[in-house]
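Shown next, in structure tokens, is the structure this report addresses.
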Amino acid sequence: MDKLVIRGGNRLSGTIPISGAKNAALTLIPCALLSEEPVTLRNLPRLADIDGFQHLMNQFGVTTAIQGTRPEDFGRVMTLEATRITSSVAPYDLVRKMRASILVLGPMLARMGEATVSMPGGCAIGNRPIDLHLKALEAFGAEIELTQGYVKAMAPDGGLPGGEFDFPVVSVGATENALMAAVLANGTSRLFNAAREPEIVDLCNLLVAMGAEIENIGQSDLTIHGVKRLNGATYKVMPDRIEAGSYACAAAITGGDVRLEGANANDMASTIHALRNIGIEIEEDAKGIHARANGALKPANLTTAPFPGLATDMQAQLMSLLCKAEGTSVLKETIFENRFMHVPELSRMGAEIETEGRTAIVKGPADLTGAEVMATDLRASMSLIIAALAAEGETTVRRIYHLDRGYERLEEKLQLVGADIERLDD
Ligand code: EPZ
């Protein structure tokens, strides 16, 4: 098991290449199940979760080929070919390692007329139910059975008829499963209060490139006209807006000046707005965004919300940054029930944070000092790295497999801009 050792105090400066978006890639990969023709995805991030998904696809008989990119390059190209599917079962031992595996349910059901997927279970940030995934598929005509920890979904003979579903809660994953099921349905389907995250738009763009007919892309009311079959396609994964936001916080907390090459400012308006409120100068251009600290950090009151609101995946990172703001900040987490796992560890580094339910009060500026800390979930781990970059002394972050799920070659990217960080065998 690896650990990261960071010595704080260096001002970050230079350029960080932003990788393809993990949360887009995890919904683009299962789209390959929808066609007998090859689907090639470019700009895929090199992440543990992507490797896990590739392995899961191979279990179904999908062949996958990684095309040549030099080891020193960031990202890679993967071609997936689902000409013959030999199994429609996603087994427990694979799904438990990566809950995004639930995203094979919709496309497998659409392609094969049936799908059996182990229930993903919860994770550190919450129990992560999948009831909305199942209700949406039932609304499209699927028959769902829960048995022995598995979801068994069946389409009527001749395939899903399609239907309408109004989401009581905005759900990214449920919207993705519903979309991937509806594109091959026999009729027209409608989704109301669907998620509008940029990753959903990326999914719709790939599906349309494969021949799907989707109206109102990017809005919360979507209409999908089912088609008989989908073709293959070649598609470039969107840049990772959460990775870009995370490194912007890292630059900001060190008083730095970093270009985030390849970031798309349109995907991260709420994060940019929050950073500007905190006093960070952000410039946007066609090639990326430029984050530059400009004097003292200001406190802010932030509340997470579905897109276009402030991404819950940015809450932990912004909390670390606000530990150094001159004043008291309030952060409200409205999406997940337990997404303050970073608070006890940040407190061990000297942060002054009080939590009350889903609200955190952050007093700043705190004198952060290095410590031995433990990563708990992906974004909490990144918040510890951000705090460590500004802390006095040395911080050791353990269980960094959490980080490797979502940040491609993190220490290399931070070393590019002058951070004193190294990965050691724990
Ligand atoms: C996606 O998770 C992301 N993961 C998460 O990113 C992100 O935090 C989340 O969307 C919100 O933006 C991927 O895309 C792989 P949801 P997802 O369904 O789809 C409740 C990261 O750090 N809900 O939008 O699982 C749920 O409990 C990860 O990269 C139901 O009640 O999130 C939550 O409170 C973490 N029933 C809320 O909806 C359901 O059937 C939003 O969840 C589904 C969800």
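We did not get these values from a lab; they are worked out from the coordinates using the rules stated. Just so it is clear, the model here is predicted, and its values are computed rather than measured. FYI the Cβ positions are ideal-geometry reconstructions off the backbone, even for glycines, and counts take in every protein chain you see.
Quick notes on this structure:
- Contact order for the chain, expressed relative to its length and based on alpha carbon pairs under 8 Å spaced 6+ residues apart, stands at 21 percent.
- Distance cut-off 24 Å, percentage of C-alpha pairs in region 276-426 lying past it: 31 percent
- Residue of 159, 295, 61 that the Gaussian network model of the chain assigns the largest fluctuation, springs spanning Cα pairs under 10 Å: 295
- Selected from 93, 166, 285 as most flexible by GNM, with the chain as the system and alpha-carbon contacts under 10 Å: 93
- When the chain is treated as a GNM with alpha-carbon contacts under 10 Å, the residue of 283, 213, 199 showing the greatest mean-square fluctuation is 283.
- Positive-pole candidate from 382, 203, 33, dipole of the chain, charges at beta carbon: 33
- Evaluating 6.51 cos²θ - 1.76 cosθ + 1.60 at θ = phi - 60° for every residue in region 399-410, the Karplus couplings come out as 6, 7, 4, 4, 5, 5, 6, x, 10, 6, 6, 3 Hz, glycine and proline recorded as x.
- Environment charge of residue 261, counting only residues whose C-beta is closer than 11 Å and scoring Lys/Arg +1, Asp/Glu -1: +2
- Entries in 97/228; 287/332; 97/324; 236/413 that, when Cα-Cα distance is taken, lie over 29 Å: 97/228; 287/332; 97/324
- Of 178, 146, 120, farthest towards positive along the dipole that unit charges on Lys, Arg, Asp, Glu beta carbons give region 120-185: 120
- Student exercise, the chain dipole from Lys, Arg, Asp, Glu Cβ charges, in Debye to nearest 20: 140 debye
- Alpha-carbon Debye profile of the chain, log10 I(q)/I(0) at 0.08, 0.09, 0.11 Å⁻¹: -0.43, -0.54, -0.81
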